[in-house]
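The values are calculated or read from the model by the stated rules, or taken from the named source; none is laboratory data. Computed from a prediction, not measured in an experiment: that's the story for all the values here. Virtual Cβ from ideal backbone geometry, glycine too; neighbours counted across all protein chains shown.
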Amino acid sequence: MEDISLHILDVAENSVAAGATLITIALRVDTVQDLLELDIEDNGRGIPPELLGQVLNPFYTTRSTRKVGMGLSLLAQSAREADGDISVRSALGKGTRISVHFRHSHIDRKPMGNLADTFSVLIAGNPAVDFVITCTRNGEEFLFDTREIRTELEDVPLNAPDVIAAVRDHLSTSLADMK
Ligand SMILES: Nc1ncnc2c1ncn2[C@@H]1O[C@H](COP(=O)(O)OP(=O)(O)OP(=O)(O)O)[C@@H](O)[C@H]1O
Ligand SMILES: [Mg+2]
């Protein structure tokens, strides 16, 4: 995986696949503690306990018959390469939370990538899902909540082309320093 934003896309797509209707993405950079933290939480169906121990292991099955894919294990690898780690908590029928951290200044820490593109692709591609996105850099917080946008839009769908273009512009401006 090339960058953090693509990891976010992958983890959030897992949430969508698990039937989530609300996905909360919290990204936090603290250059004093030298930390980059990412939490993605959903209200999807959860991971069965017998699978939970395997989701970080890419070699659990062969690819053709696999039960478990590559997404989370690649994220775990990216974290560990940058002096970080990952934890996966899940409750069946309730939801899943993926927490991962990296040492921000680590030479092998993946670059942030294009967060505005990732978030707008997620929103445009999953108009029935709500996203609550928080990005914090050294205490300065940016919040984006599709539930609020929906209220403002009234009858206009969230994935109307001009809405998505405006969302992308807004995110791109607001997240320019999120590195
Ligand atoms: N948020 C989630 N809710 C429920 N199950 C999940 C969630 N995230 C992961 N899983 C389970 O863990 C498995 C492994 O996820 P992972 O992203 O590593 O691979 P994948 O999505 O199956 O394949 P790939 O990401 O390579 O396309 C998923 O197939 C799914 O069964
Ligand atoms: Mg996946």
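Count, please, the residues in the range 4-27 that happen to be more than 12 Å from the chain's Cα centre (by Cα) and either at pLDDT below 95 or farther than 14 Å from F131 by Cα (or both).
2
Those residues that are assigned to a helix (DSSP H, G or I) and among the small types (G, A, S), I need them from the range 78-125; list them, please. Steps first, answer last, please.
Initial filter on the range 78-125 (assigned to a helix (DSSP H, G or I)): 78-81, 115-125.
Residues satisfying the conditions are S78, A79, A116, S120, A124, G125.
Looking at this structure, is Q54 out of contact with any Cys (no Cβ under 6 Å at 6 or more places or on another chain) and modelled with pLDDT under 95?
Against the criterion (out of contact with any Cys (no Cβ under 6 Å at 6 or more places or on another chain) and modelled with pLDDT under 95), Q54 qualifies.
From the list R168, R80, which one is farther than 17 Å from R28 by Cβ, modelled with pLDDT of 95 or more and exposed (fewer than 15 other Cβ atoms within 10 Å of the Cβ)?
From the options R168, R80, the qualifying one is R80.
Among residues belonging to the range 1-42 that are over 22 Å from R109 (Cβ atoms), of a type in the set (A, V, I, L, M, F, W, C) and assigned to a loop (DSSP other than H, G, I, E, B), point out the one that is farthest from ligand 2 (Cβ to nearest atom).
Taking the candidates together, the pick is A20.
Rundown of residues vs (1) surrounded by 19 or more Cβ atoms within 10 Å (Cβ to Cβ); (2) under 23 Å from V16 (Cα atoms), yes/no style:
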| site | (1), (2) |
| --- | --- |
| R97 | no, yes |
| R103 | no, no |
| D117 | no, yes |
| V121 | no, yes |
| V129 | yes, yes |
| E148 | no, yes |
| N159 | no, yes |
| I164 | no, yes |
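Could you check how many residues of the range 63-77 are surrounded by fewer than 13 Cβ atoms within 10 Å (Cβ to Cβ), within 14 Å of ligand 2 (Cβ to nearest atom) and either assigned to a helix (DSSP H, G or I) or at pLDDT 90 or above (or both)?
Matching residues across the range 63-77 total 1.
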